[in-house]
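To keep things clear, I will list the structure first and then write my remarks on it.
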Amino acid sequence: MLTYAGMWWADDHRFVSWTPESVVTIREAKHAMEFARMPQLPFIARFDVRSYYETIDHGVLLAIVQDAGVPRDIAAVIRQYLTVPDVDNTGRGMVAGGSFSPLLSAIYLGPLDEAMDQLRSGGGIDYIRYADDIAILARTRHLLRKTIARMHAVLYDLRLQVHPGKRFIGRAERGFEFLGFFIHPRRRLVPSSVSMQRLVERSRRLHEQGASQQRLRRYVHNWYMWFTRGLGHLAGRKGSETRYWVYVIRHLNIAYPVHPPP
């Protein structure tokens with residue numbers, strides 16, 4: 001099971017850091033997706049749940065908790081955890097930074113995992129989910145459509161929807177973006193277009209706030225460490241960290257040298 005080491009919000013997006021054990025699990029999963037399953041499962045669909053934390057339904061979650069046999073005193077704590085921040089009494093939503101949130105968010109999508117596991121047991125598909133990021137691989141288009149239809153049905157029961165602008169359906173051989181990476185069956189992992197866009201946007205914000213050249217370079221270094229951490233030979237390192245530094249300063253149209261002074 002994946003475990004969060006930390007979670008935070010920035011620019012209306014949720015970010016997490018993983019425990020070392022989870023980093024290994026994610027790395028192995030990416031390796032399986034990139035080099036093992038794609039040739040046999042050439043069709044892929046990937047989705048994000050739309051406004052996941054904000055749309056979690058308290059009644060649905062508490063019913064899932066009850067069906068799981070959670071003791072009443074624990075269920076009462078969960079109910080308070082959900083309802084205390086709900087000042088408008090909407091019956092929906094959950095805080096992103098609370099210690100309970102990662103566990104409850106995983107439990108909430110348990111019915112989806114069960115439904116996908118049932119389809120997977122029949123062969124011909126694979127299913128991977130991290131938080132609210134979902135990827136489905138299938139042997140045929142028919143199996144992919146069938147699995148997607150089942151996914152939508154379960155999400156409807158959970159009162160969730162996929163994000164209309166964060167989806168991809170096509171052939172895995174063309175590559176696809178998932179969890180901040182561009183995954184291709186015959187290439188090493190590289191940052192996704194969204195990851196590169198965020199790198200530039202946050203670098204621009206630092207620059208506009210008066211960050212020094214060293215401070216900006218340090219941010220790019222930290223971003224590069226995030227990209228390569230735990231991925232080993234899977235990560236594409238062409239040009240190394242300097243490549244991304246050059247990318248940033250060119251997009252910011254600033255005249256920093258490639259190699260700043262120490």
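The values are calculated or read from the model by the stated rules, or taken from the named source; none is laboratory data. Keep in mind the model is a prediction, meaning the values are calculated, not measured. A quick note on method: Cβ atoms are made from the backbone with ideal geometry, for glycine too, and the neighbour counts reach across all protein chains shown. Calculation scope for accessible area: heavy atoms of the full protein, side chains included, ligands and nucleic acids excluded. Shrake-Rupley method; radii C 1.70, N 1.55, O 1.52, S 1.80 Å.
A few notes on this one:
- Single match in Phe168, Phe182 (criterion: open to solvent by 30 Å² or more (accessible area, probe 1.4 Å) and either of a type in the set (S, T, N, Q) or over 30 Å from Gly93 (Cβ atoms) (or both)): Phe182
- Any hit, region 64-74, residues being open to solvent by 50 Å² or more (accessible area, probe 1.4 Å), in contact with a Leu (Cβ under 7 Å, 6 or more places away or on another chain) and more than 30 Å from Val194 (Cα to Cα): no
- When Val258 is tested against the conditions (1) open to solvent by less than 70 Å² (accessible area, probe 1.4 Å); (2) under 30 Å from Ser121 (Cα atoms); (3) modelled with pLDDT under 85, the lone failure is (2).
- Residue within region 57-68 that is modelled with pLDDT of 90 or more, β-branched (Val, Ile, Thr) and touching a strand residue (DSSP E or B) at 6+ places or on another chain (Cβ under 9 Å) present: no
Condition check ((1) assigned to a helix (DSSP H, G or I); (2) open to solvent by 20 Å² or more (accessible area, probe 1.4 Å); (3) under 27 Å from Asn222 (Cβ atoms); (4) modelled with pLDDT under 90) across all residues:
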site	(1), (2), (3), (4)
Pro111	yes, yes, no, no
Arg120	yes, yes, no, yes
Gly123	no, yes, no, yes
Leu143	yes, yes, no, no
Glu173	yes, yes, no, yes
Glu177	no, yes, yes, yes
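- Any hit, region 229-240, residues being open to solvent by less than 50 Å² (accessible area, probe 1.4 Å) and modelled with pLDDT of 80 or more: no
- Residue in region 75-103 that is least open to solvent (accessible area, probe 1.4 Å), counting only those that are without any contact (Cβ under 8 Å) to a residue 12 or more places away in the chain and within 26 Å of Ser22 (Cα to Cα): Leu103
- Filter pass, Arg79 being under 23 Å from Tyr156 (Cα atoms), of a type in the set (Lys, Arg) and touching a helix residue (DSSP H, G or I) at 6+ places or on another chain (Cβ under 9 Å): yes
- Against the test of being within 17 Å of the chain's Cα centre (by Cα) and not in a helix (DSSP H, G or I), the options Arg187, Arg167 yield a single qualifying residue, Arg167.
- Taken over region 22-51, residues that are within 24 Å of Leu104 (Cα to Cα) and either outside any helix (DSSP H, G or I) or modelled with pLDDT of 90 or more (or both) amount to 6.
- Qualifying residue in region 241-255 (condition: open to solvent by less than 60 Å² (accessible area, probe 1.4 Å), at pLDDT below 85, under 21 Å from Val24 (Cβ atoms) and in contact with a helix residue (DSSP H, G or I) (Cβ under 9 Å, 6 or more places away or on another chain)): no
- For region 118-137, filtered to residues that are within 23 Å of Leu62 (Cβ to Cβ) and of a type in the set (D, E, K, R), the residue that is nearest to the chain's Cα centre (by Cα) is Asp132.
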